[in-house]
1. Can you tell me which of 344, 328 is among the basic types (Lys, Arg) and surrounded by 24 or more Cβ atoms within 10 Å (Cβ to Cβ)?
2. Which of the residues spanning the range 393-451 are among the β-branched types (Val, Ile, Thr), more than 13 Å from the ligand (Cβ to nearest atom) and assigned to a helix (DSSP H, G or I)?
3. Any residue in the range 49-65 that is in the same structural domain as residue 21 (by TED's automatic domain parsing) and free of Cβ contacts under 8 Å to residues at least 12 places away in the same chain sitting within a Cβ distance under 6 Å of a residue that is in a helix (DSSP H, G or I) and within 12 Å of the ligand (Cβ to nearest atom)? List the pairs, counting only those 6 or more apart or interchain.
4. Taking the conditions exactly as written (crowded, with 22+ Cβ neighbours inside 10 Å and either under 22 Å from the mean Cα position of the chain (by Cα) or over 30 Å from residue 305 (Cβ atoms) (or both)), does residue 153 satisfy them or not?
5. Of all residues being at pLDDT below 95 and among the β-branched types (Val, Ile, Thr) in the range 24-73, which is farthest from the ligand (Cβ to nearest atom)? Just the residue, please.
6. Could you check how many residues of the range 91-131 are closer than 19 Å to residue 34 by Cα and without any contact (Cβ under 8 Å) to a residue 12 or more places away in the chain?
7. Quick check: anything in the range 117-132 touching a helix residue (DSSP H, G or I) at 6+ places or on another chain (Cβ under 8 Å), surrounded by fewer than 20 Cβ atoms within 10 Å (Cβ to Cβ) and among the β-branched types (Val, Ile, Thr)?
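The values are calculated or read from the model by the stated rules, or taken from the named source; none is laboratory data. Bear in mind the structure is a predicted one, so any value in this text is a computation, not a measurement. Using ideal geometry, Cβ is built from the backbone for each residue, glycine included, and neighbour counts are taken over all protein chains shown.
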Amino acid sequence: MNEEAISVFDMFKIGVGPSSSHTLGPWRASLLFMKSLSEKELMNQVSAIEILLYGSLAKTGIGHGTDIAIQLGLSGEDPVVFDVESIDAKISDIKAMKRILLSGTHEIEFNPSEDIEFLYSESLPYHPNALTFLVKLTSGDTIAQTYYSIGGGFVVKEGEDISHGHINYSLPFSINNAEELLHWCRKTGLSISEIVLENETTWRTEKETKDGVLNIWNVMKACIFKGCNTKGYLPGGLNVNRRAFEMNKKLINGKEYHDYDSWLMNIKSGGNDFKYILDCVSCFALAVNEENASFGRVVTAPTNGAAGVIPAVLQYYIAFCDGDSPDKIINFLLTASEVGSIFKKGATISAAMGGCQAEIGVSSAMAAAALTECMGGTQRQALMAAEIAMEHHLGMTCDPIGGLVQIPCIERNTMGAIKAITASQLALQSAPDYAKVSLDGVIKTMWDTALDMNSKYKETSDGGLAVNIPLSLSEC
Ligand code: SF4
């Protein structure tokens, strides 16, 4: 039987900050649209292109770099490998020349400030994050194609299955919720990560999956290291100072390290004092999200706004819990990905649909389950940890100031990471058979809460901190 199938590499995608739904999604949509024009052999006939942004993409698109991402996608740049240091130069060129080289092959006139339209008061019914490409061909014909960026970098073309945005496959273990996952664990005696590894053979060999997952960790740890070693202010005009740099300096007693491994040895040698470990975890999360806010290279986990939680908890596991081995790292990320996909299937990982509970809440639940399994917990304890982590994020709103993924987003990743560690520790000390609340029950509650949540708190910057704090900032 075919079923909805989400791979670990759908949940963890290498990309560019600051937002998976507002940056990476539109970037990928632009690439997909360019590919479809090439496949139909229409690329050379394009004489003009216009992009319409709706709903949340319009309201917070500027702060999230949606317009920049679209131009890079139209240019055919790959977010996985594109040199993030050259973004400014590339965008400045397009703006100055008023021309764009579509897919790197076909040049047309293009004025970003006119040809990318932010329709602030319009929304399409399927999803708040919608964008439409309007193309004029030299023949006089026109093409209109809409895409939806449904969270976590997932993109759906209008007319495709809007609920999940991924292709159906037949997996060895069909899993749509936590109960089904537990069923397979009970039946086979496999751990959650072993179940996931088996399912991943649908797409590739076990070795390829393991190598790919380790590459995900390589990008995550490079992001932590870079964030810890970069100082200055974040772009966007809020004058937010990067804090990981100073925090890291204190943690490593002012020493300088030019490579991750030496830095990690120093972090590990710092002892087990509670405040020291707390500062380390916060520093790891801040580092990633400061990179994310600076258009740096990050891994969606499961989104960019929440990209710091899972790397911070995994880095904690590596540095302080004897987790520094490839197999342990792989198991951690495989388990986290399964919990994330259960949330995606049962609720959402899009802040425009469910507020910040869908981003930081989900990432915290993913990290909590992964840490619990890796620390020797049972499958039930791992899912209990995910349930605890989400239970205490329910109702959390998304109200980024200035539409930038900075305040409250960056600090919020530290909170998500710490809650994940606490939830894991609680679950490891508990007998899950006596747990009153199931993970599936909490996922349903999260979705019900998402449906009830006012749209002001769904990544529109129309409410909460976004409307109350700018005034006080300007008064400073
Ligand atoms: S408030 Fe939360 S959901 Fe909203 S942009 Fe920030 S991290 Fe993402």
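1. Numbers: 328 fails: surrounded by 24 or more Cβ atoms within 10 Å (Cβ to Cβ).
Result of the check over 344, 328: 344.
2. Going residue by residue through the range 393-451, those that are among the β-branched types (Val, Ile, Thr) are 397, 401, 405, 407, 410, 414, 418, 421-422, 437, 442-443, 445, 449.
If we keep only those that are more than 13 Å from the ligand (Cβ to nearest atom) as well, we get 418, 421-422, 437, 442-443, 445, 449.
Result: 418, 421, 422, 442, 443, 445, 449.
3. Nothing qualifies.
4. Values: crowded, with 22+ Cβ neighbours inside 10 Å: yes; either under 22 Å from the mean Cα position of the chain (by Cα) or over 30 Å from residue 305 (Cβ atoms) (or both): yes.
Answer is yes for this residue.
5. 62
6. Number satisfying all stated conditions: 2.
7. no
Residues checked against (1) within 14 Å of the ligand (Cβ to nearest atom); (2) touching a residue at least 24 places away in the same chain (Cβ under 8 Å); (3) of a type outside the set (D, E, K, R); (4) at negative phi:
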| residue | (1), (2), (3), (4) |
| --- | --- |
| 298 | yes, yes, yes, yes |
| 301 | yes, yes, yes, yes |
| 334 | no, yes, yes, yes |
| 357 | yes, yes, yes, yes |
| 360 | yes, yes, yes, yes |
| 368 | no, yes, yes, yes |
| 380 | no, yes, no, yes |
| 389 | no, yes, yes, yes |
